[in-house]
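The values are calculated or read from the model by the stated rules, or taken from the named source; none is laboratory data. Note that the structure is predicted; figures quoted are calculated from it, not measured. FYI the Cβ positions are ideal-geometry reconstructions off the backbone, even for glycines, and counts take in every protein chain you see.
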Amino acid sequence: MNTTFFDWNSRDPLFDEVAHYVVERQAVSASAISDKFCIGFNRAKRIIKQLEQAHIVGEEWSSRHPRAIYDCCFRKLDKRLADLATIARLQPLEDKWQAKYAAYEAKKREEEGEDYYFKLANHLPLAKELREQEEARARFEAMTEEERQAEIERLDKERKEKDNNWGKGPVHGMERKDWNAYVGAHDRQKHDMIMRELPWGGDYDWSDIFQILKFKIERMIEYWEQFGHCRNGRYVVSTMRTACSLIEIVLKDGNESGNCEHFPYRVNLHNTERFRIYHDHKGLICKGDKQRVRYCKAYCILFKFLEFHMHNWWD
């Protein structure tokens, strides 16, 4: 969710109270807020605008269509307010770290030249890393046997300390606790935005989830075809297309051609028992129903396929 237009630190002093009042009434009106809190009409309108920017209430389309109230209870509202306060408190630290990292990346890119992104994408060592390795190798070869043994012990000790402290240090210039709170707040904001902007409304079933997944993979295919610069780019695109084909079979209940009377695909019925969907009619499959067998196989293979290939997809 885009919260850049809402300044938490510049909100009205009555912002929290008005938000609770609006959620309690499940309606928003500048005149009602003005009468309730004994404030001017223009100030009430400014508070409503802040509620809209904070995504507590929806936009005003017309007088016949009142604003939507996104929070149905005080518990959700309090959680949203806490997330907004967390983001406002930690966003300056994140911006500072991002600026510092951008400067560091620009310096590395200038040192490496045009092959910088190609090396990163294909996990190839950078020139600076190669120089450091050569320097470390030269120092190691110039050492005596006792010095080498002491150096190996020192490196082992550093590695053990690093393993023991893994996941405990700061992230992006924040304490681990603050980073987890910041990421969690952003994830909840993004989830709320997706739930509201889905064309089928706030609720969705399993088929809608597959539609979102298929749409995202297709967007990634377009990106890889235009901007992909990895050596295995064609292979990655082919795996994405295979995933889309499996999703298409699942969405069409085993026959993506849409013609249930004509089923031109060959379906192997000998290994039907390996592909069961236990939450769907207890996994019962009629061996004569090839279309049903094809659906169950695509459903089961899809998740194994994603588990194996998804980490190679990035955008």
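Quick grid of which residues meet (1) surrounded by 12 or more Cβ atoms within 10 Å (Cβ to Cβ); (2) at pLDDT 85 or above; (3) hydroxyl-bearing (Ser, Thr, Tyr); (4) under 30 Å from residue 85 (Cβ atoms):
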{"site": "123", "(1), (2), (3), (4)": "no, no, no, no"}
{"site": "131", "(1), (2), (3), (4)": "no, yes, no, no"}
{"site": "138", "(1), (2), (3), (4)": "no, yes, no, no"}
{"site": "148", "(1), (2), (3), (4)": "yes, yes, no, no"}
{"site": "155", "(1), (2), (3), (4)": "no, yes, no, no"}
{"site": "159", "(1), (2), (3), (4)": "no, yes, no, no"}
{"site": "175", "(1), (2), (3), (4)": "yes, yes, no, yes"}
{"site": "181", "(1), (2), (3), (4)": "yes, yes, no, yes"}
Can you tell me which of (1) under 25 Å from residue 87 (Cα atoms); (2) touching a residue at least 40 places away in the same chain (Cβ under 8 Å) is the one residue 13 doesn't meet? (2)
Inside the stretch 125-170, can you point out the residues that are under 41 Å from the mean Cα position of the chain (by Cα) and among the β-branched types (Val, Ile, Thr)? 152
Residue under evaluation residue 191, criteria (1) more than 28 Å from the chain's Cα centre (by Cα); (2) within 30 Å of residue 84 (Cβ to Cβ), criterion not met: (1)
Which one of these does residue 66 not meet: (1) surrounded by 15 or more Cβ atoms within 10 Å (Cβ to Cβ); (2) at pLDDT 90 or above; (3) over 17 Å from residue 192 (Cβ atoms)? (2)
Is there a residue in the stretch 25-45 that is closer than 21 Å to residue 189 by Cα and surrounded by 15 or more Cβ atoms within 10 Å (Cβ to Cβ)? no
Provide a single number: the residues in the stretch 90-119 that are modelled with pLDDT of 90 or more and either not in a helix (DSSP H, G or I) or not assigned by TED's automatic domain parsing to the domain that holds residue 171 (or both). 0
Among residues of the stretch 294-313, those that are surrounded by 12 or more Cβ atoms within 10 Å (Cβ to Cβ) and aromatic (Phe, Trp, Tyr), counted: 4
Give me the pairs, please: first residue somewhere in the stretch 79-95 and under 19 Å from residue 172 (Cβ atoms) and in contact (Cβ under 8 Å) with a residue 60 or more places away in the chain, second residue anywhere and part of a helix (DSSP H, G or I) and among the acidic types (Asp, Glu), beta-carbon distance under 7 Å, and either six or more positions apart or on two chains. 90/178
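Does residue 78 satisfy the condition of being more than 23 Å from the chain's Cα centre (by Cα), at pLDDT 90 or above, loosely packed, with under 12 Cβ neighbours inside 10 Å and on the phi < 0 side of the Ramachandran plot? Let's see the steps before the verdict.
Values: more than 23 Å from the chain's Cα centre (by Cα): yes; at pLDDT 90 or above: yes; loosely packed, with under 12 Cβ neighbours inside 10 Å: no; on the phi < 0 side of the Ramachandran plot: yes.
Spelling it out, it is not the case that residue 78 is more than 23 Å from the chain's Cα centre (by Cα), at pLDDT 90 or above, loosely packed, with under 12 Cβ neighbours inside 10 Å and on the phi < 0 side of the Ramachandran plot.
Test residue 146 against the stated conditions and say whether it is over 30 Å from residue 236 (Cα atoms) and among the charged types (D, E, K, R).
Working: over 30 Å from residue 236 (Cα atoms): yes; among the charged types (D, E, K, R): yes.
In short, yes.
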